[in-house]
Structures are given as C-alpha cells and as structure tokens.
Amino acid sequence: MIDEENPSCSETAREPDPSDSLRTFGAVMQALREHAGYSRAEFADMVNFSKHTVESVELGRRMPDVALVERSEEALGNTGALRKASKHVTRGRGDVGLAAWFRQWARLEREAVSLCTYECRLVPGLLQSEGYARAVFEGTVPVAPDSLMESFMARRMERQRMLFERPTTPFSFIVEEHVFRRRFGNPDQMRQILDHVLELSSPRNITLQVVPVEAGLHACLDGPMRLLETPSGQRYGYSEGQQNGRLISDVKEVSLLCQRYDTLRSQALNAKDSRGLLERLRGEL
C-alpha cells in the first residue's frame, strides 16, 4: 500500500529510483532552463533551492517539490508546461510516502465540493480510529521507525478534520464488508473501529454504504478509487496499488470511474442497512 493511507519508512528517502515520468519531467525542466540561458547554479539561486536539488530533479532522481514547480514556472515564463507535467509524475520504488501525485490529490481534496471513496482493502483513512491507524502504520514494510509514527498519526488525524469542518460537503464511502470483518488487535479494538466509523458516518452529509459479501462480483473489482469534484466543476480520480499511485484528470477516464462508482452504489446496501450491518458485526464481538 502507498501514500498517506499507508506510508512507510521510505518517506525519509529523498532520492527515489528513477521512473520514466520522473526522467521526462526532469528533461523538460532542464530543456526549459537551458533555453532560457541559465546555468544550474544561477537557476538554483532564482528558485531558492540548492544546486544539488535542481540537479537531482533534472536527472530524474528526485520528485519535484510543489514549491520548486511553481517557482520554476515563474522563472521560465509561466508556460504551464511544468505544472501540467508535474501532475503525471510518479516515483520509482522509493519515497512513496510523500508522492507528489498524492500531495496534489490531498490539495484538491481540501477544496472539493464532493468526495467519493471506494475501498476494498482497509478502512478508508478518513474513517480510521487512532488504534486502527496505528495498527496499519505498524504493519508497513519496510518497518516504519518509531521516530516517524507520531507524525504519521498526526497527519492522519489532521486529515480527518475535514469531516467535521465541512458539514455541507457531501462525502460518500463505499466499503466492502470483508474490510470490517478483518480482525486486528483484540475485541475491544475491533469494537472501537466499528464505533468510530458509525460515529463519523452519522452526519447527514456523510454516506457510508457497505458492499455485502453476498453481492458477488461487481464493476469496481479493478481496485480502490477516489473521485472528487472541484468548485469549478472539474472532476478528478485517484487510484493506487502496490508501490504506485495515479492522479487521473482525463475526462473520459474519470467519467468511466464515475459510472463504475454509481453502478456499485446501486448494488451496495443503503446507508440505513449498512449501519445495521456494522452494528450486528459489533454485536458479534
């Protein structure tokens, strides 16, 4: 698993293995810099980053910081090329915890007028209790050092604040039943996560639907996904898997994901029956 939902200790690594998109972004940045007539040292001073950082990005060894992208755009004529290219950059094997594509999603998420999440692996991060989140972090491979655990927890709990701070924003969650049946810790911890999910999903703007195990196969079997709509009406998607993640902006692809989500919404239990199922699961503990 990856990103903010399940970061690993590789978050401390600042030099990931190159990916094609990293190398491509770096080559574009270098070409624009050279076309403008700046040396790396001169350009580094202009954007207020070290020469080493600029070199690492241009050679595809490091993810471009958001600040570096913005400052580089301003220094190189505001063509929009770097901003657009940065949305499609993904890492190699390293530094998956602070992926640029997730930072971009999180930024969009904070401003979205609606948010939809389908999850088939674990309780969504926005609904996790502290005990559940800590168990997720403790289970990461490579093992996360103790020095990072509290920062992981603080980030998770901070992200959850949007559920309380935005009472008019629609949040929709569709989660597979087996996610809530997966055991962790002791029965008290299991009851805590079920109570936590029931509490967080009780406001009128938050809808939780459970896909019962007897529902069988459905249209979202390709994996978890998230969807959002911006204040300007643009829709984005986000998908992830082992050691990778992708921010999706292509209109046709996002439309397809929305169709799949809407189809699954009609196949899942309604909100009332979903709460009833979670209450029954709690009673079985």
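May I ask you to list the residues in the range 189-224 that are within 30 Å of E253 (Cβ to Cβ) and not aliphatic (A, V, I, L, M)?
S201, N205, T207, Q209, P212, G216, H218, C220, D222, G223, P224, listed by residue number.
Check off (1) farther than 27 Å from V141 by Cβ; (2) surrounded by fewer than 16 Cβ atoms within 10 Å (Cβ to Cβ); (3) under 17 Å from the mean Cα position of the chain (by Cα) for G241 and give me the number that stays unchecked.
All conditions are met except number (1).
Just give me the residues in the range 197-209 being over 13 Å from F164 (Cβ atoms) and open to solvent by less than 60 Å² (accessible area, probe 1.4 Å), in sequence order.
Those that are over 13 Å from F164 (Cβ atoms) and open to solvent by less than 60 Å² (accessible area, probe 1.4 Å): V197, L198, T207, L208, Q209.
When you go through A135, A144 one by one, which is the residue that is open to solvent by less than 60 Å² (accessible area, probe 1.4 Å), touching a Cys at 6+ places or on another chain (Cβ under 9 Å) and among the aliphatic types (A, V, I, L, M)?
Just one listed residue meets the conditions, A144.
If you go through the range 100-118, how many residues are surrounded by fewer than 21 Cβ atoms within 10 Å (Cβ to Cβ) and under 14 Å from the mean Cα position of the chain (by Cα)?
Residues that pass the stated criteria total 7.
Please verify whether the range 161-175 includes one or more residues that are more than 21 Å from the chain's Cα centre (by Cα) and open to solvent by 70 Å² or more (accessible area, probe 1.4 Å).
Within the range 161-175 (the criterion being more than 21 Å from the chain's Cα centre (by Cα) and open to solvent by 70 Å² or more (accessible area, probe 1.4 Å)), the answer is yes, since at least one residue qualifies.
Listed residues L208, L228, L247, L198; which is in a strand (DSSP E or B), more than 16 Å from P170 (Cβ to Cβ) and hydrophobic (A, V, I, L, M, F, W, C)?
L247
Would you point out which residue out of R280, R235, R246, R226 is open to solvent by 80 Å² or more (accessible area, probe 1.4 Å) and touching a residue at least 60 places away in the same chain (Cβ under 8 Å)?
Every option except R246 fails the conditions.
Given the criterion modelled with pLDDT under 95 and over 25 Å from S274 (Cα atoms), identify the matching residue among A154, A135.
A154
For a quick check of your reading of the model, give me the residue pairs whose first member lies in the range 188-209 and is among the aliphatic types (A, V, I, L, M), whose second is assigned to a strand (DSSP E or B), with beta-carbon atoms closer than 6 Å and at least 6 apart or on different chains.
Every condition considered, the pairs that remain are I206/F171; L208/F173.
One residue is enough: does the range 50-63 have a residue meeting the conditions part of a loop (DSSP other than H, G, I, E, B), open to solvent by 20 Å² or more (accessible area, probe 1.4 Å), closer than 29 Å to G241 by Cα and at pLDDT below 85?
Yes; the residues of the range 50-63 include at least one that is part of a loop (DSSP other than H, G, I, E, B), open to solvent by 20 Å² or more (accessible area, probe 1.4 Å), closer than 29 Å to G241 by Cα and at pLDDT below 85.
Mind counting the residues in the range 14-49 that are hydroxyl-bearing (S, T, Y), assigned to a helix (DSSP H, G or I) and either at pLDDT 95 or above or open to solvent by less than 50 Å² (accessible area, probe 1.4 Å) (or both)?
Residues flagged as hydroxyl-bearing (S, T, Y), assigned to a helix (DSSP H, G or I) and either at pLDDT 95 or above or open to solvent by less than 50 Å² (accessible area, probe 1.4 Å) (or both) within the range 14-49 amount to 1.
Within the bounds of the range 101-118, is there any residue that is polar (S, T, N, Q) and modelled with pLDDT under 85? Full working, then the answer.
Step one: of the range 101-118, the residues polar (S, T, N, Q) are 104, 114, 117.
Now drop any that are not modelled with pLDDT under 85, which leaves 104.
Yes, the range 101-118 has at least one match.
Could you please find all residues in the range 211-223 being touching a residue at least 12 places away in the same chain (Cβ under 8 Å) and more than 21 Å from the chain's Cα centre (by Cα)?
Passing the criteria: V211, P212, V213, A215, H218, A219.
The values are calculated or read from the model by the stated rules, or taken from the named source; none is laboratory data. The model shown is predicted, which means the values in this text are computed figures rather than measured ones. Neighbour counts are summed over all protein chains in view; Cβ atoms, including those assigned to glycine, are modelled from backbone coordinates with ideal geometry. In case anyone asks, the SASA skips ligands and DNA or RNA and just uses the protein heavy atoms, side chains included. Shrake-Rupley method; radii C 1.70, N 1.55, O 1.52, S 1.80 Å.
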